[in-house]
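Student: Pasting in a structure now, in structure tokens, and then I'll have a few things to ask.
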């Protein structure tokens, strides 16, 4: 049993997978508390970047022509991203914020920074998105005359590949425990560091309901449910189902492990964006 820290920050499982924590492991099983029971999990590949522009300060009223406005470069990047989205697959997401945009209105900003999360359906498309984004960031710097630095601020996540043999087994156990599952395709999704694990070993990342749909994930209402009766009930159901699937994998009379392995070998694409977190200038 592995503890997996930093799931919602840099992506602890990405580091663990890269360093060989799952080498020689037959399968990786976990569950995520949620507002529905869902076993066939999908997710987007993801990478987060910070863009910092450096310009030259000047008096914004008396001599603005002597300055280089770093904020103008950052705003130009945001505008260019809107045009860029129209040329990319519709599921691509590139949300961003201005984390630094100057100190006073009468000073030309000599530094501006933004943080962006790039997401796509798989690592191959994400690589294409990131190349286009980096070029847009450099183009904005050139147009204004600023310098730019782009650095990664988390580990890149691969898309989740759910092993259906394992997911089917988990679904059977949930049904035996009185839980019905939602099996329709996900209409909206985020990103999971379990995705990087699923590119290395057969893996599942099912949702098990511990709260009503009225309690959004990552909210105070959901946290209250997690610490209450429904949270404890969901935890018991999930751990029982996980334990039973694990026992089936260990049972030589059950062919679950061989089926999971065959499926994994047929569909294994390999890590697509599992690069080491590093700072890189544009």
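The values are calculated or read from the model by the stated rules, or taken from the named source; none is laboratory data. Source: prediction; values computed, not measured. Positions of Cβ are generated from backbone atoms using ideal geometry, with glycine treated the same way; all protein chains shown enter the neighbour counts.
Student: Kindly state which helices (runs of 4 or more DSSP H) lie completely within the stretch 150-236 and contain at least 2 residues that are farther than 21 Å from residue 23 by Cα.
Tutor: 164-176, 220-226
Student: Is there a residue in the stretch 254-265 that is part of a loop (DSSP other than H, G, I, E, B), assigned by TED's automatic domain parsing to the domain that holds residue 39 and at pLDDT 95 or above?
Tutor: Yes, the stretch 254-265 has at least one match.
Student: Under the condition of being in contact (Cβ under 8 Å) with a residue 60 or more places away in the chain, surrounded by 18 or more Cβ atoms within 10 Å (Cβ to Cβ) and closer than 21 Å to residue 79 by Cβ, which residue from the stretch 121-146 is farthest from the chain's Cα centre (by Cα)?
Tutor: 144
To keep it simple, each residue is scored yes or no on (1) in a helix (DSSP H, G or I); (2) modelled with pLDDT under 95; (3) closer than 30 Å to residue 149 by Cα.
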position	(1), (2), (3)
243	yes, no, no
249	yes, no, no
252	no, yes, no
274	no, yes, yes
282	no, yes, yes
